[in-house]
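FYI, it's all coordinate maths here, none of it is from the lab. Here the structure is a predicted model, which is why all the values come from computation and not from measurement. Glycine also receives a Cβ, built like all others from the backbone with ideal geometry; neighbour counts cover every protein chain displayed.
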Amino acid sequence: MSNDNLQYEKKFLPGKVLNIGMALLAIGLIVGALAFVLDPVRAGFSYLLGFFFVLTIGVGALFIIALEYVAGADWSTPMRRVPEFLGSSVPFFLLLAVPLFFLMNDLYHWTHTAAVESDPILKGKEPYLNISFFIIRVVVIFVLWSAYYFFVVRNSRKQDETRDQKLTKKNIVLSAVFIPIFAITLTLAGIDWMMSLDAHWFSTIYGVYVFSGALLAGLAATTLAVVMLKERGYLHPRMHNDSLASLGGLLFAFINFWAYIAFSQFLLIWYANLPEETVWFIRRWEGAWSIITLVLIVVHFLVPYTMLVSAPSKKNPKRLKFAAVWILFAHLIDLYWLIMPEYHGEKSGFIYVLTEFGFPIAMIGGLVVLFYFNFNKHNAVPVGDPKLERGLMNRP
Amino acid sequence: MNIDYSKELPLIHGRLSLGEIEDLIAKPMSEKPNRKYYIALAVTLTLFLIGAISLGYTFYYGIGMWGNNQPVGWAFEIVNFVFWIGIGHAGTLISAILFLLRQKWRTAIARFAETMTIFAVMVAGIFPTIHTGRPWLDGYLLPYPSQNGLWVNFTSPLLWDVFAVSTYFTVSLVFWYIGLIPDFAVMRDRTTTKVKKFIYSLFSLGWRHSNRNWQHYEKSYVILAGFATPLVLSVHTIVSFDFAVSIMPGWHTTIFPPYFVGGAIFSGFAMVVTVLLFVRKVFDLENIITVDHLERMNKVILATGMMVGYAYATEFFIAWYSGVPFEQFVFINRIFGPYAWAYWIMVSCNVIFPQFFWFRKLRRSIPVMFIIVILVNVGMWFERFVIVVTSLHRDYLPSSWGYFKPTIFDIGLLVGSFGMFFTLVLLFVKAMPVVSIAEVKAVADGAQPTHHGGEH
C-alpha cells in the first residue's frame, strides 16, 4: 500500500464550469421570458416545474447529509461535501418563491374567492388553503430547511480546521431532529405546491411520493457530481471506485421505492374506483397524456432498474454517470406529469411546448453557478471529519 | 459521553476468543434443561392449551363462538393475523436488508430474529385459515384445475395473501436454514451423543468448512437476501391491500402500504428486543448481544415509531382535507367514539412512549427499554384493532351501528397464539444455536485482517 499517505490537495474548478452555468441560466431566462410573453399562465406552471425540480435536488441532498450522520455511515463521508454544495441552493428558494406568490391566482383555483364561496368542498378547506396561511407555511418551511443547512454545513466546515469530534456529535443531534421535521415539512410542501393544484383531489401517500422523488433527485445529482469530480481528480486521491457501490445501491433501492409508492397509489385508487379520486389519474390518461404516463413507467422504473440491477454496474463510474443523468431526466418527467396536466385540465390533451423547459434550464444553470462558487471556496473533502479515514478504508 | 467517531465500535465485548464464542453459544444445547426451563415451558404450554381448547370449541360449534357480529364481521382473528404477520417482519429485515446494507451488527441478532419470523408466520397463518369458518375446505384457496370447476378469485387481495404469505414463509425458511448449515456442522463436531450427532449430521448436509463450501454459501446467501428483500415489503403491503382496496372509510387510504410495512418493522423489532432481553441474560450472552446492539434496535424502533405517527397524522389531516363527510366521521369517531380508549392506547404506546428513546441513557437502560418495547407490542396490537374494528362498527346507517365485545374464545385464541409462539421459541433455544456462530466469529476482533496487522 504505497499510496497510503496520499493526502487531499485542494483543486479549483475551471472557469468553464461557471461559463456553462451562466450560459444555461441566460438561455433559460430568455426562453422563460419568451414563454411568459406568449402565455403567462403556462409559464407560471413551467416556473413551478423548474422550481420544484431544483428544490427537490437541494432538499434530497440535505436529507442525504442527515442520513449519513444519523446512520453513522462512513462510506459517504469522503464525498459528503458534494451534497453540502448541492444543498446550498435551498436558502435561495425563499426568494425564488416570491414570483410564485404573484402567480398564485393563475395556478391555484382555490385562491379565487368567488369559486370558493360557491364550492362547499373548497369552502371546507379554506382554513388550510388560504393565501396568508399558505405564505406563512412556505416561509416557515424554508426557514427550517435553511437553518438546518446553515448549521450543519457550518459545523462541518469548522471541523476542517479544528478537527473537533464534538462537532460530529452536534451534527448528529441536529440531523436526528431534522429528519422528522423534514418528513412533515416536505409533505406539506408537496401538498401545498403540487397537490392543491387540483384542490379537490387528495391522497394520503402523496407526501411519501414526493419524498421518494426528492431523495432520488438528490442521490442522482450527488452521484453525477461525485463521479465527475472523482474522475478528474478533485476528490480525495485514495477514494476507491468501490466506494461508489453504495451510491449505486441506494439509487437502485430508491428507484424501486419510487415504483413501489407510485404503484401503490395507482392500484388503490384504480381498484376502489371512487370518482373523487380517479379523476386525477383520468386527467393523466386523456389524449396524449397516456403516452407520458406510459413513458414515465419505462423511463422512471424499467430502464434505470435494468441499468443498475447487477452488482458490477453499481460501481462502474461510466454506468453510474449515465444512470444519474437518466434518473434526473426521469425525475423531471415525473414532476411534469404531476404538475402540467393540471394546467391543461379537461380542455385539451397534452401539447408539448419547448418554452416550458426555459425555467427548469435556468434553475439548473443557477445550481451549477452556486456549485462552482461553493466548490472553489471550500474544501471538497471534509478533511477534519473523524470518519474520513474509515470511509476511505471502507471496501465492500 | 464522548465517543471516538474515528473508530468503529467493537461488536463483541469482553475480548472473547473465537473458541470462547463457540463455547458460549453452544452451551445451552449441551446441557440438560433445568427446572426453570421446565417451569417456563409449562407456562407457555398452558397458554397454548387454552388456545387449543378455544379452537376446539370454534371447530365444534362454529365461529359463532366469537364476538363477531353485524356490522363487525372482521375482528380479533383478523387483528391477530395482521399482528403476527407484522411480528414476522423484523427477522427478514435484519437478515436480508441489513445484510445487503453491510450492517455488521446484525450478526448477533439475525438468527434469533429470523427464527421468530418463521414462528410468527406459522402462528399468523392459523387465523385466516380458521376465519374461513370451514377450515377443512381451505384447500380451495389454492388454484388448481379441479373437476368441481371451482376457480379462485384472482382479483381479490385475500387470495394474494395466500401467495404472499406462503412465498414469504418458504423463502424465510430456506434463508434461515442456509444460515444454519455451518452452525449445524459445528454442533455435529461438538456433540457426543449418538442421536444428536445423527440429527446434526443430517441437517449439516456434509458441511466441511472448506473454502469451496464457504464460496457456495456466500453466493447463495447474497442471492437469497436479494430475493427476501422485496418479500419483506410485499407481504405487509398485500396485507394492507386487504383493507385499502375496499371503499370503507378508514380502510381505503393510499398511505396504507408503506404505513403497514413501517408498522410491521416497528412491532417486529419490539418483539425481538423483548425476547432477546431474556435470552441474553439467561444464556450469558451479554458480551455477544451487547447493549450496543439493543441500542441500535431501539433507534430503529424510535424511527419506525415516528413513521407510524406520521401515517396517523397524515390520515387524520387528509380525512379532514378531503371534505368527504364519511371519512371525517370515521376519524372523529376513532378519537372520541366508543372505541376512543383503544385509539389512545394505540397513540400513546406507538407514538408517545417510544420518544423516550431520544435519550441515550434511556435507550441503553434495560428496565426502561423492557417497559417501552412491551408497550409497543401492546400498542401495535391495538393499532390493528383500531383499524379493523373501529372502521366497521359504525356503518353508514345508524341502524347498522354496533359494538364489538370479544368473547372468552376470542381472548383464548389470542392467548393461545402467544402460547404457541413462546413454546416454539423455548424449544428452539435448546435445539439450535440462538446466535450464528460462524457470522459472529467473522466480526470478532482480529477476524478481519487489516494492514495494521489487526491492531485496534
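GNM on chain A, alpha-carbon springs under 10 angstrom: the most fluctuating residue among A:ILE261, A:ILE57, A:ILE136 is A:ILE136.
Suppose R0 equals 41 Å. What FRET efficiency, 1/(1 + (r/R0)^6) with r the Cβ-Cβ distance, do B:PHE227 and A:LYS377 give to the nearest 0.05?
That gives a FRET efficiency of 0.30.
Straight Cα distances below 21 angstrom link B:LYS196 to the lysines B:LYS27, B:LYS32, B:LYS430, with same-chain residues fewer than 8 positions distant left out. In order along the stretch B:393-401, the Karplus-derived 3J(HN,Hα) couplings, from 6.51 cos²θ - 1.76 cosθ + 1.60 at θ = phi - 60°, round to 6, 10, 6, 4, 8, x, 5, 9, 9 Hz, and Gly and Pro are given as x. Amide H to amide H, with H built 1.01 Å from N, B:TRP401 comes under 5 Å of B:ASP395, counting only residues 5 or more places away or on other chains. Rounded to two decimals, the Cα radius of gyration of chain A over 2.2 N^0.38 Å is 1.00. Inter-label distance, B:GLN70 to B:ASN148: 2.7 nm, where each label sits 7 Å from its Cα along the C-beta direction.
Once the piece of chain linking A:ILE121 and A:ALA176 is laid out straight, how much longer is it, given 0.36 nm per residue of separation minus the C-alpha distance between them? Mind dumping the intermediate values first?
On the way: separation 55, 0.36 × 55 = 19.80 nm, distance 3.78 nm.
Length gained between A:ILE121 and A:ALA176: 16.0 nm.
Among A:GLU117, B:GLU315, the ranking by other beta carbons within 10 Å of each residue's beta carbon, starting with the fewest, stands as A:GLU117, B:GLU315. Were the residues from A:MET104 through A:LEU302 laid out at 0.36 nm apart, the gain over their Cα-Cα distance would be 67.7 nm.
By the gyration tensor of its Cα atoms, with a ≥ b ≥ c the square roots of the eigenvalues, what is the shape of the protein assembly as shown: rounded for a/c under 1.5, prolate for a/b over b/c, or oblate? It is oblate, given that a/c is not under 1.5 and a/b is not larger than b/c. Each of A:VAL140, B:VAL440 was scored by other Cβ atoms within 10 Å of its Cβ. Arranged with the fewest first, they read A:VAL140, B:VAL440. Modelled label-to-label distance, B:ILE408 and B:SER166, 7 Å Cα→beta-carbon offset: nm? Once both label points are built, they end up 3.7 nm from each other. Dividing the convex hull volume of the alpha-carbon atoms in the stretch A:63-144 by its residue count gives 122 Å³ per residue. Considering the zone a paramagnetic label at B:ASP292 would reach in this model (a point 7 Å from Cα along the Cα-to-Cβ line), which residues of the stretch B:4-38 have amide N under 16 Å from it? Backbone N within reach: B:4-17. Listed by Cβ neighbour count within 10 Å, with the fewest neighbours leading, A:MET228, B:MET116, B:MET307, A:MET307 appear as A:MET228, B:MET307, A:MET307, B:MET116.
Selection among A:TRP280, B:TYR60, A:ALA35 by position relative to the dipole of the protein assembly as shown gives B:TYR60 as farthest towards the positive end (Cβ unit charges, Cα centre).
In debye, nearest 20, what is the charge dipole magnitude of the stretch A:14-393 about its Cα centre with +1 on Lys and Arg Cβ and -1 on Asp and Glu Cβ, if you could check?
That gives a dipole near 1600 debye.
Aspartates and glutamates near B:LYS194 by alpha-carbon distance under 19 Å, same-chain residues fewer than 8 away left out - which ones? Cα-Cα hits under 19 Å: B:GLU31, B:ASP183.
In this simple spin-label approximation, B:TYR38 and B:VAL368 carry label points 7 Å from Cα along the Cα→Cβ vector, and these lie 4.1 nm apart. Rounded to the nearest 20, the size of the Cβ-charge dipole of the stretch B:36-174 about its Cα centre is 540 debye, with Lys and Arg at +1 and Asp and Glu at -1.
Separation of the alpha carbons by more than 26 angstrom is noted, of A:LYS170/B:LYS441; A:LYS170/A:LYS321; A:LYS10/A:LYS321; A:LYS16/A:LYS314; A:LYS315/B:LYS104; B:LYS7/B:LYS441, for A:LYS170/B:LYS441; A:LYS170/A:LYS321; A:LYS16/A:LYS314. At a Förster distance of 30 Å, what's the computed FRET efficiency of A:VAL309 paired with A:ILE184, Cβ-Cβ distance as r, to 0.05? In this case the efficiency is close to 0.35. With R₀ fixed at 56 Å, the C-beta to C-beta distance from B:PHE59 to A:VAL37 puts the FRET efficiency at about 0.10. Sequence-ordered 3J(HN,Hα) estimates for the stretch B:4-21 from the Karplus curve with 6.51, -1.76 and 1.60 and θ = phi - 60° stand at 8, 6, 7, 10, 7, 5, x, 7, 10, 9, x, 6, 6, 7, 4, x, 5, 4 Hz, glycine and proline given as x. Sparsely packed loop sites in the stretch B:124-171 (the chymotrypsin sites (Phe, Trp or Tyr not before Pro) outside DSSP H, G, I, E and B with at most 11 other Cβ atoms within 10 Å) comprise B:TRP151, B:PHE154.
Length gained on full extension, B:TRP136 to B:ALA431, computed as 0.36 nm times the residue gap minus the Cα-Cα distance: 103.0 nm.
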